[in-house]
Amino acid sequence: ETGVTQTPRHLVMGMTNKKSLKCEQHLGHNAMYWYKQSAKKPLELMFVYNFKEQTENNSVPSRFSPECPNSSHLFLHLHTLQPEDSALYLCASSTRWTSHEQFFGPGTRLTVL
Amino acid sequence: AQSVTQPDIHITVSEGASLELRCNYSYGATPYLFWYVQSPGQGLQLLLKYFSGDTLVQGIKGFEAEFKRSQSSFNLRKPSVHWSDAAEYFCAVGALSSGSARQLTFGSGTQLTVLP
């Protein structure tokens with residue numbers, strides 16, 4: 001595998017479920033990002049990790065919990081979500097957190113019922 | 001705070017015609033500018049970027065963009081569109097965030113339809 005991969009590609013969950021999104025990058029990058037892409041809205045940055053340390057949390061509700069065990073893997077743990085959380089969740093990586101050039105994965109399409 | 005405006009929500013062009021997608025940004029310092037493309041069901045792919053130097057930058061798939069500081073614009077162009085160019089295009093500006101990470105601020109996107 002090359003680039004940035006995300007699993008699952010599609011996820012349907014109820015509001016009481018707990019699920020996790022996974023992102024893996026094979027580029028040797030040190031920074032990883034979670035974005036939310038909702039219909040008709042610009043991409044919203046959620047979290048930034050640099051060398052496994054969280055450096056940004058853009059006022060994301062606590063029902064979204066990120067985890068970065070190493071520089072290659074990033075998770076987004078989901079619990080008690082709301083229907084308005086339905087969106088495409090994109091993962092990205094960059095060589096370092098001071099680099100603007102980010103490489104994106106294909107995204108996970110999340111539907112909350 | 002930085003912002004990006006893509007005035008055209010949807011553009012339709014015929015295959016072989018030229019294309020220009022508009023992007024205006026607001027940022028207090030010298031911006032880092034990007035164009036990304038997103039095909040249905042896919043993530044974002046970087047088309048081109050401007051950091052400094054020559055204001056006309058070349059990208060992949062035959063795209064180019066011109067940075068015009070006086071107009072705060074970074075318009076994307078292609079001389080002859082192919083049917084495979086149909087996708088959504090996003091302009092983004094890179095800036096410092098409060099935590100010193102580099103943050104990309106995206107426009108709302110322009111959906112491109114290509115007619116045969």
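Every read-out reported here was derived from the displayed coordinates using simple, explicitly stated rules and does not represent laboratory data. Please read all numbers here as calculations on a predicted model, not as lab measurements. When we count neighbours, we look across all protein chains shown, and the Cβ atoms used for this are built from the backbone with ideal geometry, even at glycine.
The listed residues are A:ARG109, A:ARG63, A:ARG96, and the only one of them that is of a type in the set (D, E, K, R) and in contact with a helix residue (DSSP H, G or I) (Cβ under 9 Å, 6 or more places away or on another chain) turns out to be A:ARG63.
Any residue in region B:14-34 that is touching a Lys or Arg at 6+ places or on another chain (Cβ under 7 Å) and of a type in the set (D, E, K, R)? Within region B:14-34 (the criterion being touching a Lys or Arg at 6+ places or on another chain (Cβ under 7 Å) and of a type in the set (D, E, K, R)), the answer is yes, since at least one residue qualifies. Restricted to region A:1-109, the set of strands (runs of 3 or more DSSP E) holding at least 3 residues that are touching a residue at least 12 places away in the same chain (Cβ under 8 Å) and closer than 30 Å to B:HIS10 by Cα comprises A:4-7, A:10-13, A:31-37, A:44-50, A:87-94.
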